[in-house]
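Report on one structure; see the data block that follows.
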Amino acid sequence: METSHTQVVIIGAGPAGLLLGQLLLKQGIDHVIVELRSADYVRSRVRAGVLEEPTVRALEEAGVSERMERESLPMSGFDLMWEDRALHIDFALVNKITRVYGQTKITRDLMDARNTRGGITHYEVSDTQVHDFDTARPWVTYEKDGKRYRIDCDFIAGCDGHHGVSRKSVPREQVQTYKYAFPFGWLAILADVPPISEQVAWINHIDGFLMCSLRSKTRSRYYFQVPEGEELKHWDADRFWAEYRRRLPESLAHKLVAGPALEMSITPLRSSVSAPMRFGRMFLAGDAAHIVPPTGAKGLNMAVADARRLYLGLRQYYAGGHDLGLLDSYSDDSLARVWKAVRFSWWMTNLTHRFSDNPFNRQMQLAELEYISQSVAAQTTIAENFCGLN
Ligand code: RFL
């Protein structure tokens, strides 16, 4: 087995791992990323697209904001629609804006910057294992091209997503996982058609939620609610457009431009939080520690916030005195923020989706939407949560 040493091993080259790597590179902290998939696969994965202000700032700090500043679209609010009603939630209420910029582009910007600076990433590894993370000398092993490798390190950053190996390697009695599964999912389409509107819209339709989103002025991302267990093989682009148009409010339906699907997927809506987020010398960040339904546009932003907090802890440690202060508080501080984002995502999902045939539930939603439309305080709360809490 070939053995090497570094300061930090990052498992996973998603946004959390790549951003952490980029911040460590800038700080001159030695590290290696190991990634299950190929570079091409990681580069082309389609997912999130709304960036909160702290995420924009973190990308600036990492030195990867140039293209984002040029190509992202400012999002100064969003539309909440139900029946024949439309309410604009204006982020000016909290004096903030967010930005629309695809996760695919962030990934590409981070990978390009990493290549330029000569950061080491081992793609297409298999059988990643974490060892002795409860001691001061953790190590990671993996296989690549039929050969086994060992990397000794000071810290392990588990940035390997919801199905990764880091969290699963922790003895069961040391981790508590809080889970909630919504009884539905989202069917998504990505298409090179002009968006219905530059305002992202969350629409409560009696037959189920739909969202109009966008990635640029020429690329649209649309979703609607489908029952739990729905299979992608039953859907093609034509069927998607027909159902989407049927659920759209009249004011938007006539603007819908259909086109071939670049990508279609079904995402189950779930929340899961694992606590703590630190196990000795191994730290979990991003989806490895928590997932949320995409309704609140939080998943990517939470991954970025964790990665930055972990970076601050590692920077303090390597600043000279091996001070563990910020690393010791990483889990508690992160979870305090995580739970608020989980709550907001859960609440937005409850407000906008069809849950049952019981008409009482719909009346509760309509009453809440009516209240929000009349209350600046309620709209401010939504804007404050959407733009990101610390
Ligand atoms: P990622 O992006 O899942 O990256 C984890 C990386 O770890 C790798 N990996 C391993 N590497 C080495 N060894 C192993 N054993 C490994 N196991 C896994 C994986 O290949 C991968 O490259 O986690 P990260 O970095 O924490 O980033 C989180 C975000 O990607 C995620 O929260 C969001 O994309 C969630 N999400 C959305 N969030 C939003 O805010 N808005 C959205 O519209 C939105 N849409 C989505 C989404 C997530 C989706 N997935 C995961 C089902 C749509 C989809 C389809």
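Structural remarks
- Filter result (within 23 Å of LEU232 (Cα to Cα) and at pLDDT below 95) within region 269-304: PRO294, THR295, ALA297
- Entry remark, region 274-307: residues being more than 9 Å from the ligand (Cβ to nearest atom) and either small (Gly, Ala, Ser) or outside the structural domain of VAL8 (by TED's automatic domain parsing) (or both) number 4 in total.
- Among the residues of this structure, ARG108 does not count as one that is under 30 Å from ALA261 (Cβ atoms), in a helix (DSSP H, G or I) and modelled with pLDDT under 95.
- Of everything in region 268-324 that is in a strand (DSSP E or B) and among the aromatic types (Phe, Trp, Tyr), the residue that is surrounded by the most Cβ atoms within 10 Å (Cβ to Cβ) is PHE283.
- Total residues in region 31-67 satisfying the condition of being closer than 21 Å to PHE78 by Cβ, open to solvent by 40 Å² or more (accessible area, probe 1.4 Å) and either within 10 Å of the ligand (Cβ to nearest atom) or of a type in the set (Gly, Ala, Ser) (or both): the figure is 1.
- Restricted to strands (runs of 3 or more DSSP E) entirely inside region 2-49, those with at least 2 residues that are touching an Asp or Glu at 6+ places or on another chain (Cβ under 9 Å) are 2-5, 8-11.
- From the list THR128, THR98, THR141, the lone residue that is in contact with a strand residue (DSSP E or B) (Cβ under 7 Å, 6 or more places away or on another chain), closer than 30 Å to ILE206 by Cα, among the polar types (S, T, N, Q) and within 14 Å of the ligand (Cβ to nearest atom) is THR98.
- Qualifying residue in region 113-125 (condition: without any contact (Cβ under 8 Å) to a residue 60 or more places away in the chain, outside any loop (DSSP other than H, G, I, E, B) and open to solvent by 50 Å² or more (accessible area, probe 1.4 Å)): yes
- The selection criterion, being among the hydroxyl-bearing types (Ser, Thr, Tyr), within 19 Å of MET211 (Cβ to Cβ) and open to solvent by 10 Å² or more (accessible area, probe 1.4 Å), holds for SER76.
- Filter result for VAL9 (in the same structural domain as MET282 (by TED's automatic domain parsing), touching a strand residue (DSSP E or B) at 6+ places or on another chain (Cβ under 6 Å) and buried (at least 24 other Cβ atoms within 10 Å of the Cβ)): yes
- Verdict on LEU369 being in a helix (DSSP H, G or I), among the hydrophobic types (A, V, I, L, M, F, W, C) and touching a residue at least 40 places away in the same chain (Cβ under 8 Å): yes
- Any hit, region 179-198, residues being on the phi < 0 side of the Ramachandran plot, part of a loop (DSSP other than H, G, I, E, B), outside the structural domain of ALA48 (by TED's automatic domain parsing) and touching an Asp or Glu at 6+ places or on another chain (Cβ under 7 Å): no
- Residues that are hydrophobic (A, V, I, L, M, F, W, C) and modelled with pLDDT under 95, drawn from region 313-355: PHE355
The values are calculated or read from the model by the stated rules, or taken from the named source; none is laboratory data. No experiment lies behind these values; they were computed from the predicted model shown. Counting neighbours? That spans all protein chains shown, and the Cβs are built from the backbone with ideal geometry, glycine included. Quick note on the areas: whole protein, heavy atoms, side chains included, nothing else; ligands and nucleic acids left out. Shrake-Rupley method; radii C 1.70, N 1.55, O 1.52, S 1.80 Å.
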